[in-house]
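Asker: Before I ask anything, let me first share the structure, which is written out below as structure tokens.
Values in this text are rule-based calculations from the coordinates and carry no lab data. In this text, all values refer to a predicted model and were calculated from it rather than measured experimentally. Because the Cβ atoms are built from the backbone with ideal geometry, glycine has one as well, and the counts that use them run over all protein chains shown.
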Number of protein chains: 2
Amino acid sequence: MARTNPHYDTLAAGYLFPEIARRARAFAAAHPGVKLHRLGIGDTTEPLPPTVIAGLHAGVDRLASVATYTGYGDYEGDPPIREAIARHYRRRGVEIGLDEIFVSDGAKPDSGNIQSVFAPDSVVAVQDPAYPVYVDTNVIAGRGGAFDPAAQQYRGLVYLPCTADNGFFPDLPAAPVDLVYLCSPNNPTGAVATREQLARFVAFARARRAVIVFDAAYSAFIRDPELPRSIFEIEGARECAIEIHSFSKTAGFTGVRLGWTVVPRDLTLEDGEPGKVNRLWRRRQSTFFNGPSNVVQAGGVAALSDAGLAECQVVIDHYLENARLIRAGLRSMGLVCHGGENAPYVWLETPGRMPSWAFFDRLLEEAHVISTPGSGFGPGGEGYMRLSAFGHRADIEAAVASIRDGLRG
Amino acid sequence: MARTNPHYDTLAAGYLFPEIARRARAFAAAHPGVKLHRLGIGDTTEPLPPTVIAGLHAGVDRLASVATYTGYGDYEGDPPIREAIARHYRRRGVEIGLDEIFVSDGAKPDSGNIQSVFAPDSVVAVQDPAYPVYVDTNVIAGRGGAFDPAAQQYRGLVYLPCTADNGFFPDLPAAPVDLVYLCSPNNPTGAVATREQLARFVAFARARRAVIVFDAAYSAFIRDPELPRSIFEIEGARECAIEIHSFSKTAGFTGVRLGWTVVPRDLTLEDGEPGKVNRLWRRRQSTFFNGPSNVVQAGGVAALSDAGLAECQVVIDHYLENARLIRAGLRSMGLVCHGGENAPYVWLETPGRMPSWAFFDRLLEEAHVISTPGSGFGPGGEGYMRLSAFGHRADIEAAVASIRDGLRG
């Protein structure tokens, strides 16, 4: 007599974006002819550059001929993509072994699946606010405990507040924790951790034998040369950190699907043999996954070539200029916003700290702008909105103008 | 203080194919210049047909222009691929709703992940022998219990023997079970379940409120019009079965990565609301997955078009003829083999029922042929070998000749 996994029943609500889509659809149905401006979901809008397109076509062509056709590749991605990723780290002075790189169909699956190799009763810490996948996948795995509706938190998780006071990077956990998820440049706040901030967490993790899961999906947006793009730029991180990365925002692969995770051989837990986490992640991936698409890998190799990187940076510059326009527009109205300088997200304080969903509705009704309520990323996001800089320039300008002209004071 | 998931430690051994690769490498290193023949891993070798290649190229081209570029697609695959899959079922008289189809990056991930939506203490039954992913993923999820080295079985799983006596399709479970994994055409035995055999399991599952996970990844190899290609051809299956399917062997997508799972809305468990399994699988996929690659989906739509299907069938006919050659060659030597008529796998009885790994070594050393030991698929596979019909014609002929000439009596 089959029964369902009860941990799904403890999930507090549906995924954030379906609810946003529902409200937008309802507004559109009630106001036919009104054009909606989208600053909501962080989805790329600009076409892939020529070098990447050529790489993808070449990947397809290889499958058309008996001499070059290949079937199953390596579970962790074929050597050319892993070599390209290792070379990419080396540009920043970071040495990563090919057997430490696991290429996948994206940072989201890896962010969700990485918890599988850790003990079911692990204590998990997340930034608050945070990308919902860290929380939801641990709840499904049974680590969430009961949901406290008053606090809007799972009792079993440790929340690390990220506020204007701490620059949206958390203080060290006070309670013992086993796993800590950090994301920099941060989704949703757009904050970027400094070298010192990361070093503090690395020292903490080494001392407590905790593991940092570091989500670097947005690191290509960092322009400030002083800011670390990889946690492995920090001394000692190889002993305590896993890094997850993505081609989604770097190369416009949101729909193409490619990402990777680095699990250093030096990462050794109290209970395990040296390199055990690397071995278990390999086992996890080879059991549940069959490698990223060979066609997509060819596009990824092209994106990480010198020509590909240069072309992709032009696209990222476009999104960064969008972010600047959003920040400048909102500030000219007297609104307070954070982030958006080395990140594609602007973190807007709602006027008078009104609740996020209430301001979502105001932005929708008065300015016809779809945003993302900060509270959708955890209770620490209440009173904030995430505005996404992904979009065509004219659309971003129109959205900013619509806020300026439409939003009632 | 982080610890690893202890369930990984109960996994009995590394994945089968790495061990095969290790022995093959060792032999090659010791015998330089000897050409090895591969009848081992079930990996496609023939190029993709023109219609599929054109579909993939079109998918790439759509990403090159601002007018047609798309980012994130639907978590469950975009409408065109789901419509193509629904149409594919309709050709066999089976109606599947678009909201019952979940497209993914392959049958292997879905086979591994589907257990996530069922209770952690579910009792799981597998065919013996079986594709190792069903067993290993449930062991990692904690449903395996301790491994019994004498029996070569996990004490927590229910093994359904598939033998020459029952035509390699199991009898009904004697003990209560919650989940039953069935694979037809079968990997590794090449046996195909009849309508009557499936109907017996469907009746059992409905009576006991068990769920059948039906792996139909090889159904395109069925040529006998009397044999069911989908479990949904069986009356009542919508109430008790989930079907997993793949483009890997159907369209040569082993490296391209595309598959799907059907979770009928009618599948309702004792403890749940109507359609709950469908809802939980949607939640699982939207939380851990971001949809299959848009480029790959374009290739999949092309593969399921009338022209694409006709071209793919030519490739499958090629593999089926390979299987016939393997069967004919081995039988001419007096060896006993099963399967390989509506499946790409030939299931060979070892001479004198010698242990599978011993015969693996003999085939390698005497005939220079890489095969797959049946025991790698569970204790019920002991004394058998899986021979794969995937290969170029000349290579298959050479392998058969090498067995005939090299194998000492």
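Asker: Once phi is turned into θ = phi - 60°, what whole-Hz ³J(HN,Hα) does the Karplus curve with 6.51, -1.76 and 1.60 give for every residue of region B:286-295, x standing for Gly and Pro?
Answerer: 6, 8, 9, 8, 10, x, x, 3, 5, 4
Asker: May I ask for the percentage of alpha-carbon pairs in region A:291-338 that lie more than 15 Å from each other?
Answerer: 62
Asker: Also, quick follow-up: Counting each DSSP H run of 4 or more residues in chain A as -39500 (n - 2.57), what helix-only mean residue ellipticity at 222 nm follows after dividing by all residues, to the nearest 500 deg cm²/dmol?
Answerer: Only helices count here, giving -11500 deg cm²/dmol.
Asker: Something else: Can you flag which of A:108/B:276; B:35/B:108; A:276/B:108; A:276/B:35 are past 27 Å Cα-Cα?
Answerer: Numbers: A:108/B:276 24 Å; B:35/B:108 31 Å; A:276/B:108 24 Å; A:276/B:35 36 Å.
As for pairs spanning more than 27 Å Cα to Cα, those are B:35/B:108; A:276/B:35.
Asker: Residues with beta-carbon under 11 Å from that of residue B:23, excluding residue B:23: net charge, scoring Lys, Arg +1 and Asp, Glu -1? All intermediate terms of the calculation are to be shown ahead of the outcome.
Answerer: On the way: positive: B:22, B:25; negative: B:19, B:361, B:365.
Value of the local net charge: -1.
Asker: Once you charge only the Cβ atoms, +1 for Lys and Arg and -1 for Asp and Glu, what is the size of the charge dipole of region B:364-409 about its Cα centre, to the nearest 20 debye?
Answerer: 120
Asker: For residue B:180, which sequence-distant residues (separation of 5 or more, or a different chain) have an amide H within less than 5 Å of its own amide H, given hydrogens modelled in the peptide plane?
Answerer: B:125, B:211, B:212, B:213
Asker: Please find, in a Gaussian network model of chain B (springs between Cα atoms separated by less than 10 Å), the residue of B:31, B:392, B:338 whose mean-square fluctuation is greatest.
Answerer: Residue with maximal mean-square fluctuation among B:31, B:392, B:338: B:31.
Asker: Then there's this: Can you compute the charge dipole magnitude of chain A about its Cα centre, using +1 on each Lys and Arg Cβ and -1 on each Asp and Glu Cβ, nothing else charged? Give it in debye, rounded to the nearest 20. Don't skip to the answer; put the middle values down first.
Answerer: Values: 40 positive and 46 negative charges, 90 e Å.
About 440 debye.
Asker: Using amide H atoms built 1.01 Å from N in the peptide plane, name the residues 5+ places from residue A:128, or on other chains, whose amide H lies under 5 Å from its own.
Answerer: A:160, A:162
Asker: Taking the Cα centre of the protein assembly as shown as origin, work out the dipole magnitude from +1 charges on Lys and Arg Cβ and -1 charges on Asp and Glu Cβ, in debye rounded to 20.
Answerer: 80
Asker: Would you mind telling me the antiparallel percentage of the DSSP bridges in region A:52-306, rounded to 5?
Answerer: Just about 40 percent of them are antiparallel.
Asker: Still on this structure: From the phi of every residue in region A:130-147, what ³J(HN,Hα) in whole Hz does the Karplus formula 6.51 cos²θ - 1.76 cosθ + 1.60 yield, where θ is phi - 60° and glycine or proline is x?
Answerer: Calculated HN-Hα couplings, in order: 8, 4, x, 4, 4, 5, 4, 5, 6, 5, 4, 7, x, 9, x, x, 6, 8 Hz.
Asker: Ok, one more. Per residue of A:42-55, what is the mean number of Cβ atoms on other protein chains within 10 angstrom of that residue's Cβ?
Answerer: 3
Asker: Going through region A:75-159, which GluC sites (Glu not before Pro) have at most 14 other Cβ atoms within 10 Å and a DSSP loop state?
Answerer: Values: sites: A:76, A:83, A:95, A:100; in loops: A:76, A:95.
Passing sites in region A:75-159 are A:95.
Asker: Residue by residue, what Karplus-based ³J(HN,Hα) values in Hz, rounded to whole numbers, does region A:197-205 have, using 6.51, -1.76 and 1.60 with θ = phi - 60° and x for Gly and Pro?
Answerer: Working through the residues one at a time gives 4, 5, 4, 5, 5, 5, 4, 4, 5 Hz.
Asker: Separate question: Which whole number gives the average count of other chain Cβ atoms within 10 Å of the Cβ atoms across peptide A:252-261?
Answerer: What the average comes to for A:252-261 is 5.
Asker: By the scheme Lys and Arg +1, Asp and Glu -1, what is the net charge of all other residues having a beta-carbon under 14 Å from that of residue A:157?
Answerer: Charge balance near residue A:157 sits at -3.
Asker: Could you give the distance between the Cα centres of region B:175-217 and region B:325-364, to the whole Å?
Answerer: 25
Asker: Sticking with this one: Starting from the Cα gyration tensor of the protein assembly as shown, multiply each eigenvalue by 5, take the square root, and state the resulting semi-axes largest first in whole Å.
Answerer: In descending order, the three semi-axes are 46, 28, 27 Å.
Asker: Inter-copy label distances at residue A:394, 7 Å along the Cα→beta-carbon direction, one decimal in nm, shortest first?
Answerer: 5.7
Asker: Of B:158, B:66, B:314, which has the largest mean-square fluctuation in a 10 Å C-alpha GNM of chain B?
Answerer: Greatest mean-square fluctuation among the candidates belongs to B:66.
Asker: Within 10 Å of each Cβ of A:58-67, how many other protein chain Cβ atoms are there on average?
Answerer: Other-chain Cβ atoms within 10 Å of each residue's Cβ, averaged: 5.
Asker: Enumerate the amide H contacts of residue A:339 below 5 Å, restricted to partners 5 or more residues apart or on another chain; note that Pro and chain-start residues carry no placed amide H.
Answerer: A:347
Asker: Right, another one. Compute the separation of the alpha-carbon centres of region A:223-296 and region A:51-111 and state it in Å as a whole number.
Answerer: Their Cα centres are 13 Å away from one another.
Asker: If Lys and Arg each add +1 and Asp and Glu each add -1, what is the summed charge of the other residues whose beta carbon sits under 14 Å from the beta carbon of residue A:166?
Answerer: Result for the neighbourhood of residue A:166: -3.
Asker: Springs between alpha-carbon pairs under 10 angstrom, Gaussian network model over chain B: which of B:73, B:33, B:334 fluctuates most?
Answerer: So, out of B:73, B:33, B:334, the one fluctuating most is B:33.
Asker: Just to be sure I understand: of the beta bridges DSSP finds with both ends in the protein assembly as shown, what percent are antiparallel, rounded to 5?
Answerer: The antiparallel fraction comes to roughly 55 percent.
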